[in-house]
1. Dipole magnitude of the chain about its Cα centre, charges +1 at Lys/Arg Cβ and -1 at Asp/Glu Cβ only, in debye to the nearest 20?
2. Relative to the longest principal axis of the C-alpha atoms of the chain, give the angle of the C-alpha long axis of helix 107-116, reported between 0 and 90° and rounded to the nearest 10°.
3. Ranked by accessible surface with a 1.4 Å probe, highest first, in what order do Phe103, Phe136 come?
4. If you line up the Cα atoms of the chain on their principal axes, what length do they span on each, largest first, in Å?
5. Ignoring ligands, DNA and RNA, what accessible area per residue does region 26-175 give at 1.4 Å, in Å²?
6. Could you work out the relative contact order of region 59-160? I mean the mean sequence separation of Cα pairs under 8 Å and 6+ apart, divided by the number of residues, in percent.
7. With Cβ to Cβ distances under 12 Å as the rule, what net charge do the other residues near Leu149 carry (K, R +1; D, E -1)?
8. May I ask you to give the percent of accessible area on the chain that is carbon plus sulfur, with a probe radius of 1.4 Å?
Amino acid sequence: MEAAQMNPAGFRADQIGIVVHDLDRALARYERALGGGPWRIWTYGPRNVPRLTYRGADAAFEMRVALSSSVPQIELIEAISGPSIYTEWLDRHGEGLHHLGMFEEDVDGGIARMAAQGFDLMQSGRGYGRDGDGGFLYFDTAAELGVILELIEVPARRRTPEAIWPLPESVQARA
């Protein structure tokens, strides 16, 4: 069987996304259990992600994320405001595994591939990189797969993280 037949969407897990109620508390738990540090932390929302959608309409949700340095990457997500698929998941399932993400250079092509498989775009954010690139697109796969699938366009240049957790030892020694 050809690879395309075994995996018609071309999916591979580059990221494991986990929704949490409190990012700071979750960082301590996940670092202790899984490692993966240092973690880089950002807040994303309308002020730094110019194009946000939720369920087919423009949106204004905000979230804090922490990205691990591990492979695959672990992403912890705390919903801050606005309706989103993160708040939906927390309300229905509580904290835990939310999505599997794949790094994708051609997210528009990825949208077409996912649509061909019958998976609708449920939430997106585009333009979070320093040069206006970067995107995250979530597809409605939970009913069929038990988890959401995400396509991620990694920006060429990320914005500087708000924080790094834990602080590198060299910074801790100066503090």
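The values are calculated or read from the model by the stated rules, or taken from the named source; none is laboratory data. On a predicted model such as this, the values are computed, not experimentally measured, just so you know. As a convention, Cβ positions derive from the backbone with ideal geometry for all residues, glycine included, and neighbour counts pool all protein chains shown. For the accessible areas, the whole protein counts, side chains as well, though only heavy atoms, and no ligand, DNA or RNA atoms are used. Shrake-Rupley method; radii C 1.70, N 1.55, O 1.52, S 1.80 Å.
1. The calculation lands at about 560 debye.
2. So the helix axis and the longest Cα principal axis differ by about 50 degrees.
3. Most to least solvent-accessible, the answer reads Phe103, Phe136.
4. Principal extents (Cα only, largest first): 54, 38, 35 Å.
5. Values: 7450 Å² over 150 residues.
I get 50 Å² per residue for region 26-175.
6. On the way: 164 pairs, mean separation 22.8, N = 102.
Computed over region 59-160, the figure is 22 percent.
7. Overall, the nearby charge balance is -4.
8. 52
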